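Following: one structure in structure tokens, then a few remarks.
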Amino acid sequence: MKVYIASPFFTGNVEQNVRAACDAADAVSRLGHFPYIPHLTMYWHRLPKRSHEFWQEQDFVWLRLCDAVLRLGGEAPGADMEVAEAERLGIPVYYSIDDIEKMWPARDEYAAKLKLFRAWIDAIRNGIASKEHPDFIALQKWLADYFTADKIRLFQR
């Protein structure tokens, strides 16, 4: 899943804000997802003077390509606008790494469950197993819980 990191940039210490965004992105990537950190344009900010609207347009283009937004704490009018845009587009917004982890278990865990599910389907088709087996039913429930309405919507994008 591609996760847009929305958090303070100009409010307070820019270097610390960028570090906080990078730390959050690192945590997101350790879950097996792909973070996008708009703060890394901080070096581009130092070149030609651009309007706030220019940077907002840049951010919104990338935001539209993401599957979710992680909003870090702190006063940030720009991040609040990014959250509003995500909500307008129907992109889920999370407020902690824990929320992302609860909704989207690590990619490796999902891949292992999917592989096991495929093996069960093959065994059922070949008459070796029954779809009434408790382990198969538990696996079906796990996959059904994994694919909530939000996730199904993402796969339809």
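The values are calculated or read from the model by the stated rules, or taken from the named source; none is laboratory data. All figures in this text were calculated on a predicted structure; none of them were measured in a lab. Note: ideal-geometry Cβ built from the backbone for every residue, glycine included; neighbour counts use all protein chains shown.
One residue is enough: does segment 82-90 have a residue meeting the conditions exposed (fewer than 15 other Cβ atoms within 10 Å of the Cβ) and over 19 Å from residue 103 (Cβ atoms)?
yes
Examine segment 43-61 for a residue that is modelled with pLDDT of 90 or more, assigned by TED's automatic domain parsing to the domain that holds residue 86 and part of a loop (DSSP other than H, G, I, E, B), and state whether such a residue exists.
no
Determine which single condition residue 98 fails, assuming it passes every other condition in (1) assigned by TED's automatic domain parsing to the domain that holds residue 30; (2) part of a helix (DSSP H, G or I); (3) surrounded by 11 or more Cβ atoms within 10 Å (Cβ to Cβ).
That leaves (3) as the condition not met.
Within segment 1-30, track down each residue that is part of a loop (DSSP other than H, G, I, E, B) and buried (at least 19 other Cβ atoms within 10 Å of the Cβ).
Once the filter is applied, which keeps residues that are part of a loop (DSSP other than H, G, I, E, B) and buried (at least 19 other Cβ atoms within 10 Å of the Cβ), segment 1-30 yields 7, 8, 9.
Can you work out which of the residues in segment 32-59 that are within 17 Å of residue 92 (Cα to Cα) and out of contact with any helix residue (DSSP H, G or I) (no Cβ under 6 Å at 6 or more places or on another chain) is surrounded by the most Cβ atoms within 10 Å (Cβ to Cβ)?
33
Mind checking which pairs have a first residue in segment 18-38 that is within 16 Å of residue 69 (Cβ to Cβ) and a second that is exposed (fewer than 13 other Cβ atoms within 10 Å of the Cβ) and of a type outside the set (Asp, Glu), Cβ under 7 Å, 6 or more apart or different chains?
Here the result reads 35/29, each pair linking segment 18-38 to a residue that is exposed (fewer than 13 other Cβ atoms within 10 Å of the Cβ) and of a type outside the set (Asp, Glu).
With the condition kept exactly as written, say whether any residue in segment 88-110 is within 22 Å of residue 20 (Cα to Cα), touching a strand residue (DSSP E or B) at 6+ places or on another chain (Cβ under 7 Å), modelled with pLDDT under 90 and of a type in the set (Val, Ile, Thr).
yes
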